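Quick notes on the structure that follows.
Here, each number is a calculation from the coordinates, and none is a lab measurement. Computed from a prediction, not measured in an experiment: that's the story for all the values here. Counting neighbours? That spans all protein chains shown, and the Cβs are built from the backbone with ideal geometry, glycine included.
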Amino acid sequence: MTQTQTLCNGIWLRLMKSGRWEYAERTNPGGGVMIIALTDEDKLLFVEQFRPAIQCMTIEMPAGLVGDVAHHADEDAIEAARRELVEETGYHAERIEFLMAGPTSAGMSNEILAFVLARDLHRIDSGGGDDTEQIIVHEVPRREVMAWLQQLLREGRSVDPKIFAGLYMLDHAAGFAR
């Protein structure tokens, strides 16, 4: 049996080695949550923020870590989604439905990402993230989302491919909901 070795410990990640295999472990046991946020006007919410790992602004669906704040250490994906949605976009969701969870990159990390669908949204804050973030919120009519994303890609912008999984789940939510 191959021995597993810790190469480096960080606050949120740990770099591990098992034989020739190197991978990252999330140190928060709750993983992450991605929020498919749909307004009553049939607009989807996207966030744009600088991502140091790739050194550029990236378009994403609102998302965050589950249990990454001390007084929310025991939260589940739904609670984290509710908190992150307000923090990043300024919107509160009356209804949040768990769709599914799975690995973000099974060959590189143990991170599990939950997808949720947020509806009945009400703006209660300006959003924009916490003190360490500068998030731009985009509200895009659902019928225009694909054209908008394709234009961003043509411009060479960074678009998180998980968005497309989220859009598929939105169109097929009944098949994913528990």
At R0 = 41 Å, FRET efficiency that the Cβ-Cβ distance of E94 and T2 yields, to 0.05 = 0.25
Run the dipole for the stretch 10-67 about the Cα centre, Lys and Arg Cβ at +1, Asp and Glu Cβ at -1, nothing else charged, and hand back the magnitude in debye, nearest 20.
-> 520 debye
Inter-label distance for T27 and I11, nm, one decimal - labels placed 7 Å from Cα along Cα-to-Cβ | 0.9 nm
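What chymotrypsin sites (Phe, Trp or Tyr not before Pro) does the stretch 1-84 have in DSSP loop regions with at most 15 other beta carbons within 10 Å? Let's see the in-between values first.
Numbers: sites: W12, W21, Y23, F46, F50; in loops: W12.
Those that pass, being in a loop and sparsely packed, are W12.
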Separation of alpha-carbon centers, the stretch 123-178 and the stretch 36-71, rounded to whole Å = 8 Å
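Using 0.36 nm per residue of separation minus the Cα-Cα distance, give me the extension gain between D42 and S18 in nm, one decimal. Before the final figure, lay out each step's value.
Details: separation 24, 0.36 × 24 = 8.64 nm, distance 4.68 nm.
Roughly 4.0 nm would be gained on extension.
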Determine the calculated [θ] at 222 nm for the chain from helices alone, applying -39500 (n - 2.57) to every DSSP H run no shorter than 4 residues and normalising by the residue count; nearest 500 deg cm²/dmol.
-> -6000 deg cm²/dmol
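Translational diffusion coefficient of the stretch 29-176 at 25 °C, 0.890 mPa s, Stokes-Einstein with Kirkwood Rh over Cα pairs, in µm²/s as a whole number.
Numbers: Rh = 15.5 Å.
Answer from the Stokes-Einstein relation: 158 µm²/s.
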Which distance in nm do the two modelled labels at S105 and L152 give, with both placed 7 Å along the Cα-to-Cβ direction?
-> 1.9 nm
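Calculate, for A173 and D131, the FRET efficiency according to 1/(1 + (r/R0)^6) with r their C-beta to C-beta distance and R0 30 Å; round to the nearest 0.05. Don't skip to the answer; put the middle values down first.
Details: r = 34 Å, r/R0 = 1.13.
After rounding to 0.05, the efficiency reads 0.30.
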Give a quick list of trypsin sites (Lys or Arg not before Pro) in the stretch 17-78 that DSSP marks as loop, anything other than H, G, I, E or B, with at most 12 other Cβ atoms within 10 Å.
-> R20
Taking placed amide H atoms and a strict 5 Å upper bound, the residues 5 or more places from K43 or on another chain that come that close are R142
Just in the stretch 36-133: which GluC sites (Glu not before Pro) are loop by DSSP and have at most 16 other Cβ atoms within 10 Å?
-> E41, E133
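Given a cut-off of under 8 Å on Cα pairs at least six residues apart, what relative contact order in percent is computed for the chain?
On the way: 363 pairs, mean separation 42.5, N = 178.
Normalised by residue count, the contact order of the chain is 24 percent.
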Which parts of the stretch 128-161 would a label at Q55 reach, counting a residue when its backbone N lies under 16 Å from a point 7 Å out along Cα-to-Cβ?
-> 158
